[in-house]
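Q: One structure is given below, represented as structure tokens, and several questions about it will come after.
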Amino acid sequence: MGLDLHYKNGQTPLDENEKEGLKIKPITTQKELDEFEQLNIEKAVEWSISTKLKKEHILTEKFIKDLHKKMYDDVWKWAGNFRTSDKNIGIKWTNISTELKTLLDDANYWVDNNTYSPEEITIRFKHRLVAIHCFPNGNGRHSRLMADIIMESIFDKNIFSWHSSNMVKADEVRRDYISALKKADNGNIVPLIAFAMT
């Protein structure tokens, strides 16, 4: 039968090659996929809580790839690998490594020089990471977990609440999140910071 996906506002469609990377062949619906991905993500969250992480490890390409792999490796063969096709959002796939290096250099500078508050540094990083769109799927959830890890491990602060939502359902919370992301795209980071903290 194959995987029948129905995309919500702000989601990145998978191409046929990426769909072929599904490890659990009995999955055929979006609901089943969401459930299996969520179980995998919960394992990654547990790992991030129980592991002592340092800034020099977190703000690296290796960590960004490793975290995505921990979040999705039970479900997708390509987990932890940068995408190799262009999407409806995100930069050209051939520029991912270069743009990510620039972001990581900026983030290290912001942290070392207290350029912004911890919350603003973290949300600026999260926003640019999701705008690069490193992976075929899971970029929003990955960037939010990265933000939580940065808050907890680099700044020794509480993680964000994200409206107590994983933003998988196409509801008002997800619409507010997409709206805050679009405002950040236009240079206004404040609504996204406020969303993360609510």
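Q: Would you point out which residue out of Ala170, Ala131, Ala196 is more than 16 Å from Ser48 (Cβ to Cβ), of a type outside the set (Val, Ile, Thr) and touching a Phe, Trp or Tyr at 6+ places or on another chain (Cβ under 7 Å)?
A: After applying the criteria, what remains is Ala196.
Q: Does Ile123 count as buried (at least 20 other Cβ atoms within 10 Å of the Cβ), of a type in the set (A, V, I, L, M, F, W, C), in contact with a Phe, Trp or Tyr (Cβ under 9 Å, 6 or more places away or on another chain) and not in a loop (DSSP other than H, G, I, E, B)?
A: Answer is yes for this residue.
Q: I need a count of the residues in region 18-44 that are crowded, with 16+ Cβ neighbours inside 10 Å and within 26 Å of Asp156 (Cα to Cα).
A: Number of matching residues: 3.
Q: For region 138-169, enumerate the residues that are within 15 Å of Ile41 (Cβ to Cβ), of a type in the set (A, V, I, L, M) and in a helix (DSSP H, G or I).
A: Scanning region 138-169 gives Leu145, Met146, Ala147, Ile149.
Q: Shifting gears a bit: Any idea which of Lys55, Lys31 is more than 24 Å from Asp4 (Cα to Cα) and modelled with pLDDT under 95?
A: Numbers: Lys31 fails: more than 24 Å from Asp4 (Cα to Cα).
On inspection, the qualifying residue turns out to be Lys55.
Q: Counting only residues that are under 24 Å from Lys43 (Cβ atoms) and out of contact with any Asp or Glu (no Cβ under 9 Å at 6 or more places or on another chain), which one in region 174-198 is modelled with the lowest pLDDT?
A: Here the answer is Arg174.
Q: Return the pair list, or none, for Cβ contacts closer than 7 Å from residues in region 135-158 that are touching a residue at least 12 places away in the same chain (Cβ under 8 Å) and at positive phi to residues that are of a type in the set (Ser, Thr, Tyr) and part of a helix (DSSP H, G or I), at least 6 apart or on different chains.
A: Pairs that qualify, where the first residue is touching a residue at least 12 places away in the same chain (Cβ under 8 Å) and at positive phi and the partner is of a type in the set (Ser, Thr, Tyr) and part of a helix (DSSP H, G or I), are Gly138/Tyr72.
Q: Residue check, Ile96 against (1) of a type in the set (A, V, I, L, M); (2) buried (at least 21 other Cβ atoms within 10 Å of the Cβ); (3) farther than 17 Å from Gln11 by Cβ, all met but one. Which one?
A: (2)
Q: When you look at Glu152, is it of a type in the set (Asp, Glu) and within 26 Å of His6 (Cβ to Cβ), yes or no?
A: It is false that Glu152 is of a type in the set (Asp, Glu) and within 26 Å of His6 (Cβ to Cβ).
Q: So if I check each of Ser117, Ser165, which one is surrounded by fewer than 21 Cβ atoms within 10 Å (Cβ to Cβ), over 23 Å from Asn95 (Cβ atoms), among the hydroxyl-bearing types (Ser, Thr, Tyr) and at pLDDT 95 or above?
A: Checking each option against the conditions leaves just Ser117.
Q: Here's something else I'd like to know. Could we say that Phe36 is free of Cβ contacts under 8 Å to residues at least 40 places away in the same chain and aromatic (Phe, Trp, Tyr) here? First the steps, then the outcome.
A: On the way: free of Cβ contacts under 8 Å to residues at least 40 places away in the same chain: yes; aromatic (Phe, Trp, Tyr): yes.
It is true that Phe36 is free of Cβ contacts under 8 Å to residues at least 40 places away in the same chain and aromatic (Phe, Trp, Tyr).
Q: Find the residue count for region 105-121, including only residues that are in contact (Cβ under 8 Å) with a residue 40 or more places away in the chain and under 14 Å from Lys157 (Cβ atoms).
A: Just the residues of region 105-121 that are in contact (Cβ under 8 Å) with a residue 40 or more places away in the chain, to begin with: 107-108, 111, 119-120.
Still in the list and also under 14 Å from Lys157 (Cβ atoms): 111, 119-120.
So the answer is 3.
The values are calculated or read from the model by the stated rules, or taken from the named source; none is laboratory data. Because the structure is predicted, anything quoted here is derived from the model rather than measured. Using ideal geometry, Cβ is built from the backbone for each residue, glycine included, and neighbour counts are taken over all protein chains shown.
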